[in-house]
Amino acid sequence: MSLTEQARWFVLGGDHLVLLDEQGHIPQGALSQLPAFLHTKSFERFDEWEGLPCYLLDLGEEAETSLMTPLRQLMVAGDEEGFRLAGRAWQLATFRRTHRFCGECGAPMAPKAGEWAQGCRHGHIVYPRISPCIIVAVRKGPAILLAAHRRHHQVEDPMYTVLAGFVEAGENLEQCVAREVFEESGIRVRNVRYVASQPWPFPHSLMMGFTADYESGEIRIQDEELVAADFFEASRLPRLPPHGTIARRLIELCLAGEA
C-alpha cells in the first residue's frame, strides 16, 4: 500500500468510534491525507465502495480517540452506505478483539491468510460471530405498540421504539417474535410477516425485521427490559428512533398501512 493509493479509510478506536473527515464522512483519497501518525500503520483491505478499496485499521480499546466520532453519527446523518461499511469494519474488529485465544485449546490465535478468520496452531478455525435478532412492529388497528427501553431511557424526553430480542437455540424466527413480544409486553400476536433485515454492529447482530398483528392480551411490561409501553396512533407519537434504523422503517411502514 502506498501513500498515494486512492481508497476509503476506516480508522477505528475505543468503543465504536470512527475517524471522519471535516464533512462528517469516511475519509476518501490518499493515505497521505490522513493524520501523519497513521501513514506507517498496517491497514487491511476488507471491502470495496464505488470502485475504491476499503481499508480497516483498529487502533484498539485504549487508543487516543479525541479525533474520533461515535459510529452512530453516520446513521443519524443519513449516510447509509458509510454506516453499513463502518459497521462491517467494527464487527470485524470486534471479532479480532474477542478471539485472541482459542476456545478449544487456549492457544493464541492469529489471522488466517486469505480470509477473515482466526486460527490456532492446532488448526482450529473460527469466523466472525453473527448474533441473529428479531425486531417487530405490532399493529392493533391504526395503532402500533411502542416501548421505552431501560438501556437507553431518558427521563426528560424518552424515546419509544418497537420490541426486539435475540433468537434462542432451537426456535425459528416466527417463534422468537411471538415469545419476545409476550415476554416483554404480555401481548399475543398473529400473522407474523417478514419485512427486511439490517446488520447492527453493537456489537455483532443481524436484525431481522417483522410486522405482526395484535391477537390478545393487556400490556404487562417486563420491568427488567422496559420502562413503559403503549399503543400509539400517528396523531400522538412519542420521540422515535432515528431514520436509517430498521426500527424507524418498521414504524413508518405500519403507520402508513404498508406492512
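The values are calculated or read from the model by the stated rules, or taken from the named source; none is laboratory data. Just so it is clear, the model here is predicted, and its values are computed rather than measured. We place every Cβ from the backbone using ideal geometry, glycine too, and count neighbours over all the protein chains shown. Areas reflect the complete protein model, heavy atoms only, side chains present, ligands, DNA and RNA absent. Shrake-Rupley method; radii C 1.70, N 1.55, O 1.52, S 1.80 Å.
Provide the FRET efficiency to the nearest 0.05 for the LEU237-ARG193 pair, computing r from the beta carbons and using R0 = 22 Å.
Working from the Cβ atoms, E equals 0.50.
With springs connecting C-alpha atoms under 10 Å apart, model the chain as a Gaussian network and identify which of THR245, THR40, THR94 has the largest mean-square fluctuation.
The residue that fluctuates most here is THR40.
Principal axis extents for segment 206-259, Cα atoms only, whole Å, descending order, please.
28, 23, 23
What are the extents of the Cα atoms of segment 148-244 along their three principal axes, in Å, largest first?
40, 34, 27
Would you compute, from DSSP H runs of 4+ residues alone, the mean residue ellipticity of the chain at 222 nm, taking -39500 (n - 2.57) per run and dividing by the full residue count, rounded to the nearest 500?
Using -39500 (n - 2.57) per qualifying helix, the result is -5500 deg cm²/dmol.
Please identify every one of the GluC sites (Glu not before Pro) in segment 89-178 that sits in a loop by DSSP and has no more than 13 other beta carbons within 10 Å of its own beta carbon.
GLU104, GLU115, GLU156, GLU168, GLU171
How many percent of all Cα-Cα pairs in segment 68-203 sit more than 27 Å apart?
So the portion of pairs separated by more than 27 Å is 41 percent.
How much length is gained on full extension from ARG100 to GLU81, taking 0.36 nm per residue of separation minus their Cα-Cα distance?
Length gained between ARG100 and GLU81: 3.9 nm.
Per 0.36 nm of contour for each residue apart, how much would the distance between SER42 and ARG129 grow if the chain were fully extended, relative to their Cα-Cα spacing?
Working it through step by step, the gained length comes to 29.0 nm.
Show me, for segment 65-81, the HN-Hα J-couplings you get by feeding each phi into the Karplus relation (A = 6.51, B = -1.76, C = 1.60, θ = phi - 60°), rounded to Hz, glycine and proline as x.
10, 5, 8, 9, 10, x, 3, 4, 4, 4, 5, 4, 6, x, 8, 5, 6
Please grab the % of Cα pairs in segment 1-78 that end up more than 15 Å from each other.
Tail of the P(r) past 15 Å holds 54 percent of the pairs.
Determine the gain in length on full extension of the stretch PHE182-GLN33; use 0.36 nm per residue of separation and subtract their C-alpha separation, reporting nm with one decimal.
Additional length available on full extension: 48.4 nm.
Under a Cβ-Cβ cut-off of 12 Å, what is the net charge of the residues other than ILE219 that fall near it, where Lys and Arg count +1 and Asp and Glu count -1?
0
With a 1.4 Å probe and every protein chain kept in, tell me what percent of the accessible surface of segment 41-140 is carbon plus sulfur.
48
Can you give the angle from 0 to 90° between the axis of helix 173-185 and the longest principal axis of the chain, with both taken from C-alpha atoms, to the nearest 10?
For helix 173-185, the angle is close to 60 degrees.
Dividing the alpha-carbon radius of gyration of the chain by 2.2 N^0.38 Å (N being the number of residues), what value is obtained?
Relative to the 2.2 N^0.38 Å estimate, the chain comes out at 1.15.
Restricting attention to segment 180-259, which trypsin sites (Lys or Arg not before Pro) occupy a DSSP loop and are surrounded by at most 15 other Cβ atoms within 10 Å?
ARG220
Which of these, PHE101, PHE46, PHE83, has the largest mean-square fluctuation under a Gaussian network model of the chain (Cα springs below 10 Å)?
Result for the chain, Cα springs under 10 Å: PHE101 fluctuates most.
Stokes-Einstein at 25 °C, 0.890 mPa s, Kirkwood radius from Cα pairs: D for segment 1-138 in µm² s⁻¹?
Calculated translational D: 151 µm²/s.
Which residue fluctuates most in the GNM of the chain (Cα springs below 10 Å): GLY217, GLY87, GLY209?
GLY217
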